[in-house]
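Worksheet: the structure to be examined is printed underneath.
The values are calculated or read from the model by the stated rules, or taken from the named source; none is laboratory data. Note that the structure is predicted; figures quoted are calculated from it, not measured. Virtual Cβ from ideal backbone geometry, glycine too; neighbours counted across all protein chains shown. What goes into the accessible areas is simple: the full protein's heavy atoms, side chains included, and nothing from ligands, DNA or RNA. Shrake-Rupley method; radii C 1.70, N 1.55, O 1.52, S 1.80 Å.
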Amino acid sequence: MADVLNPALSLNFSSFKRKRVRTQYLVSPLSLSLSRRRVTIRAAETDANEAKPQAPGKALAAAAGGSSFNQLLGIKGAARETNKWKIRLQLTKPVTWPPLVCGVVCGAAASGNFNWTLEDVAKSIVCMLMSGPFLTGYTQTINDYYDREIDAINEPYRPIPSGAISENEVITQLCLLLLGGLGLGGLLDVWAGHDFPIVFYLALGGSLVSYIYSAPPLKLKQNGWIGNFAMGVSYISLPWWAGQALFGTLTPDIIVLTLLYSIAGLGIAIVNDFKSIEGDRALGLQSLPVAFGAETAKWICVGAIDITQISVVGYLLGAGKPYYALALLILIIPQVFFQPASIAAD
């Protein structure tokens, strides 16, 4: 049960400073999407001047002097690039792959059946490729596709709004990544000798969540609560379940714990919303910083994380695991202690 000490606990709360918020933090295999609906909850007047985007000319000029390394990782501050393969890699946001890879590792360990043999290592690597480059790449690309109007406001230098890659080329990339990810899921089921193709269906379900998060008519991102929880499930629960199902059997306690941590992922996902307040507000997207104001959203963010982790402490105590509960509590205490100072410094 020690594997429940999820790497999400390592969240660096200094990232709440909006000037340092980066898209790579997220949590989810999901990013921003669009909505033309009107905001039903007005943002606080005190936030009216927050997160003002640069004028397109200034933003494009800044991108001209951006970092090639940032471009390859798919994060803000990227240099403009004309090489199509580099642009395609940028759309998949490689910086978002590690959390999914870690989730697969945690799930494999939780199964109790992973052994350091060549075959098991090879299976886990294929599962990581499925979860990271292929399906997370699909998720990030489809979010950029449906984010193109928001990005035209917030980040006009990104590949799609800048015209560096055509929409037809983006759609082709989406199809190849999706088919590749689902194909690897089916391969893993055959390799593991599953009677029921559970890894394939987990991959299919995650892809569906990614699509309805970004695309109309559902567009889960329209609601900050549902959308951010979907992001948490995508980044925490699904890769864990895939890793555990590949080597063993999903158990009720693991499902409960990973879903709890997906609620914590809701808080982490809010960090990504701070950079897009102006664009979200302009297009009627009800992200939590827009709906409640940046100050309230910061407390929702840390509260979701803390309450979830403390709930897991209680779960471990109830399950007769006092030492695991104590270890988790020791990790939570400094996190909670430094949160008010971090928020006040913003």
Practice prompt. Tell me which residues, restricted to region 220-231, are within 15 Å of Thr139 (Cα to Cα) and open to solvent by less than 20 Å² (accessible area, probe 1.4 Å).
Written response: Lys221, Gly227, Asn228, Ala230, Met231
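Would you confirm, using the coordinates I've provided, whether Leu250 is farther than 30 Å from Asn154 by Cα and surrounded by fewer than 24 Cβ atoms within 10 Å (Cβ to Cβ)? Before you say what the answer is, go through the steps one by one.
Details: farther than 30 Å from Asn154 by Cα: yes; surrounded by fewer than 24 Cβ atoms within 10 Å (Cβ to Cβ): yes.
Answer is yes for this residue.
A quick yes/no check of all residues on (1) open to solvent by 50 Å² or more (accessible area, probe 1.4 Å); (2) more than 20 Å from Ala242 (Cβ to Cβ):
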position: Ile150; (1), (2): no, yes
position: Cys175; (1), (2): yes, yes
position: Leu202; (1), (2): no, no
position: Gly205; (1), (2): no, no
position: Pro217; (1), (2): yes, yes
Practice prompt. State which residue pairs qualify: first residue closer than 16 Å to Val336 by Cα and inside region 281-309, second residue outside any helix (DSSP H, G or I) and of a type outside the set (Lys, Arg) in any location, beta carbons under 9 Å apart, and separation of 6 or more residues or different chains.
Written response: Lys298/Asp346; Ile305/Leu11; Gln309/Asn6
Worksheet item: If we scan region 283-296, do we find a residue that is of a type in the set (Phe, Trp, Tyr) and open to solvent by 30 Å² or more (accessible area, probe 1.4 Å)?
Response: yes
Worksheet item: Looking at (1) touching a Lys or Arg at 6+ places or on another chain (Cβ under 6 Å); (2) open to solvent by 30 Å² or more (accessible area, probe 1.4 Å), which is the only condition Gln140 fails?
Response: (2)
Worksheet entry | Matching residues in region 232-245 - criterion: being aliphatic (A, V, I, L, M) and open to solvent by 10 Å² or more (accessible area, probe 1.4 Å) | Val233, Ile236, Leu238
Worksheet item: Condition test on Tyr213, is it assigned to a loop (DSSP other than H, G, I, E, B) and either touching a helix residue (DSSP H, G or I) at 6+ places or on another chain (Cβ under 8 Å) or among the small types (Gly, Ala, Ser) (or both)?
Response: no
Fill in: Search result, residues across region 184-200 that are more than 19 Å from Val101 (Cβ to Cβ) and either open to solvent by less than 70 Å² (accessible area, probe 1.4 Å) or small (Gly, Ala, Ser) (or both)
Gly186, Asp189, Gly193, His194, Pro197, Ile198, Phe200
Worksheet item: Quick check, is Pro197 under 18 Å from Phe134 (Cβ atoms) and either free of Cβ contacts under 8 Å to residues at least 60 places away in the same chain or of a type in the set (Val, Ile, Thr) (or both)?
Response: yes
